[in-house]
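Peer 1: Please read through the structure below; I'll follow up with questions.
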Amino acid sequence: MYCNYYQARIKREKIWQLTSVLRSLEHLVFDRTIDAQQSIFEFFVPQDVADDFLSVMHYFEDKGIVSHLQLLPNRLKSEGV
């Protein structure tokens, strides 16, 4: 089973804050930079914790740290990895 796949832009000077919170929440998400120039991150989220992930991300959206959060087809699935 593949994870849900999200992408979002992260305010560059606050990347450390978002990633430290996400990494402190065990088994919630795997995150990484997909486009450093535009500060776009990708997030692989197990389906059973997607609501928890979205709650965290909406909090950071409200703070102006996250923008353009979108659920996309999992690129690993489409690349046949």
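Peer 1: If I ask for residues that are touching a residue at least 12 places away in the same chain (Cβ under 8 Å) and either among the acidic types (Asp, Glu) or under 20 Å from ASN74 (Cβ atoms) (or both), which ones from segment 11-32 would you list?
Peer 2: Selection gives LEU22, HIS27, LEU28, VAL29, PHE30, ASP31.
Peer 1: So TYR2 clears everything in (1) in contact with a strand residue (DSSP E or B) (Cβ under 7 Å, 6 or more places away or on another chain); (2) part of a loop (DSSP other than H, G, I, E, B); (3) among the hydroxyl-bearing types (Ser, Thr, Tyr) except one condition, right? Which one?
Peer 2: Status for TYR2: all satisfied but (1).
Peer 1: Still on this model: Go through segment 49-81 and count every residue that is surrounded by 16 or more Cβ atoms within 10 Å (Cβ to Cβ) and assigned to a strand (DSSP E or B).
Peer 2: Number of matching residues: 2.
Peer 1: Can you report the number of residues in segment 51-70 which are out of contact with any Phe, Trp or Tyr (no Cβ under 9 Å at 6 or more places or on another chain) and under 22 Å from MET1 (Cα atoms)?
Peer 2: So the answer is 2.
Peer 1: Still on this structure, I have one more. For segment 7-39, which positions are among the β-branched types (Val, Ile, Thr) and under 20 Å from ASP51 (Cα atoms)?
Peer 2: At the first step, the residues of segment 7-39 found to be among the β-branched types (Val, Ile, Thr) are 10, 15, 19, 21, 29, 33-34.
Selection gives ILE10, THR19, VAL21, VAL29.
Peer 1: Please state which of the following conditions ASP51 fails to meet, knowing it meets all the rest: (1) within 12 Å of the chain's Cα centre (by Cα); (2) free of Cβ contacts under 8 Å to residues at least 24 places away in the same chain.
Peer 2: That leaves (1) as the condition not met.
Peer 1: Shifting gears a bit: Restricting to segment 4-48, and then to whatever is among the hydroxyl-bearing types (Ser, Thr, Tyr) and under 14 Å from GLN70 (Cβ atoms), can you tell me which residue is surrounded by the fewest Cβ atoms within 10 Å (Cβ to Cβ)?
Peer 2: Checked segment 4-48; the qualifying residue surrounded by the fewest Cβ atoms within 10 Å (Cβ to Cβ) is TYR5.
Peer 1: Looking at segment 39-48, can you tell me whether even one residue there is modelled with pLDDT of 95 or more, part of a helix (DSSP H, G or I) and not polar (S, T, N, Q)?
Peer 2: yes
Peer 1: Which one of these does LEU18 not meet: (1) closer than 19 Å to MET1 by Cα; (2) modelled with pLDDT of 95 or more?
Peer 2: (1)
Peer 1: Another question about this same structure. What are the residues in segment 33-47 that are without any contact (Cβ under 8 Å) to a residue 12 or more places away in the chain and charged (D, E, K, R), if any?
Peer 2: Of everything in segment 33-47, just one residue is without any contact (Cβ under 8 Å) to a residue 12 or more places away in the chain and charged (D, E, K, R), namely ASP35.
The values are calculated or read from the model by the stated rules, or taken from the named source; none is laboratory data. The structure displayed is predicted, hence computed values, not measured ones. Counting neighbours? That spans all protein chains shown, and the Cβs are built from the backbone with ideal geometry, glycine included.
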